[in-house]
Amino acid sequence: MHITKEQLNHYISDRMTQIEQLNFLEHISKCEFCAGKLADAMLKKELVFTPPDLKDNILEQTVYKKTTTPVKLPQEIVMARVRKKQREFWMYTAKVAFAVCAAVTMIMMPVGTLPGSSDGNYKESRLSLTKEITEEEARNNVKILDLFRNTSAKISDDVSKALNLYKK
Amino acid sequence: MVLKEEMSENDKKFAEMLEKYEKLAFSVCYKMTGNYFDAEDMTQETFLSVYKSLESFDGNNPGGFITRIAVNKCLDYLKRAEKRIVPVEDEVLVQNASCVPPPEHEMIQNETRHQLLVVCGGLKPPYNEVATQYYCNGKTAAQIADSSGKKLKTVQTQIRRAKEMLQKKIRKEDLV
């Protein structure tokens, strides 16, 4: 059942209980015919002034948004960007491959030169499990290990930088 | 900016509807939410929906079409916010409703302006000035930027932030 003239007048002049108001609006939300009646009644009274940029903001989100085309860059610039991206990608791949090789080499190294092996007790206990090495050999191995540590730290930095660049 | 000649038929139809029914949709939303700034959001949402469903609209009764969407948007918003439309004692409301005469429309306009002036003036600088110029004096962001020598983007950001602060403030105090 459609809304009556009386209901419409009561709504316009704020003479409805909140439950009546809710029922009235629920009906309007489903019935375009009655919504038209409300629109006509509202248009007859002085409408509220709107914020100045409301119309433009709506147009920007609808009409202008759809029709605005992005600026087309020259072909050379596009290609240069693609080449740069590819170069960065290959650099990143090479660094990751190197890091993997370094990690594999460290795993394959003699047990006495593993991280923390400079600690006396650890070294002794580990040495008992493998072949004996001279102190000079152990020192050399520790130096190599330090070198690997520094290199892998540097690689890790480079990889994260390359990753950031690639994401951008 | 897109010139009117470059617009599609649908876009032209939409722009005309917006021009003609912007105030109607805003007034419907304002009456339902009772909050000037929420009404602004609801009107935007209404017209975004209108734009999306324009192809299925037969062109008859545009006022009814827009009002129905606006009422739907506001009902959803009110249900989400659980405010305003909360069933209370009917008898009390009937008594109140019948003894308070409906205010004149001009009075509503003036009252709205006055309340906006109070809430906008209560913001901290520079938001108070920008909000007063925009909401109470009806100046556009571009006009404010011109007169104050600020960048347009800065003014737009300040208006947006002022609006957010005002919405929070009004929801708390339930003034406008």
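Among the residues of B:37-46, the average count of other protein chain beta-carbon atoms within 10 Å of the residue beta-carbon is 2. Averaged over peptide A:141-148, the number of partner chain Cβ atoms lying within 10 Å of each residue's Cβ comes to 0. Which entries of A:Lys85/B:Lys151; A:Lys85/B:Lys52; A:Lys72/B:Lys153; A:Lys85/B:Lys150; A:Lys45/B:Lys151 show an alpha-carbon separation above 32 angstrom in the structure shown? Violating the 32 Å Cα-Cα cut-off are A:Lys85/B:Lys151; A:Lys85/B:Lys52; A:Lys85/B:Lys150; A:Lys45/B:Lys151. Sorting B:47-59, B:123-135 by average packing, meaning the other beta carbons within 10 Å per residue, from highest down gives B:123-135, B:47-59.
Per residue of peptide A:30-38, the mean number of Cβ atoms on other chains within 10 Å of the residue Cβ is 6.
For segment A:9-60 and segment B:120-145, what is the separation of their Cα centres, given in Å? For segment A:9-60 versus segment B:120-145, the Cα centre distance is 27 Å.
A short reminder: the numbers here are calculations on the coordinates, not readings from a lab. Since the structure is predicted, the reported quantities are computational estimates derived from the model, not experimental observations. Cβ coordinates were reconstructed from backbone atoms using ideal geometry, including for glycine residues, and neighbour counts include every protein chain displayed.
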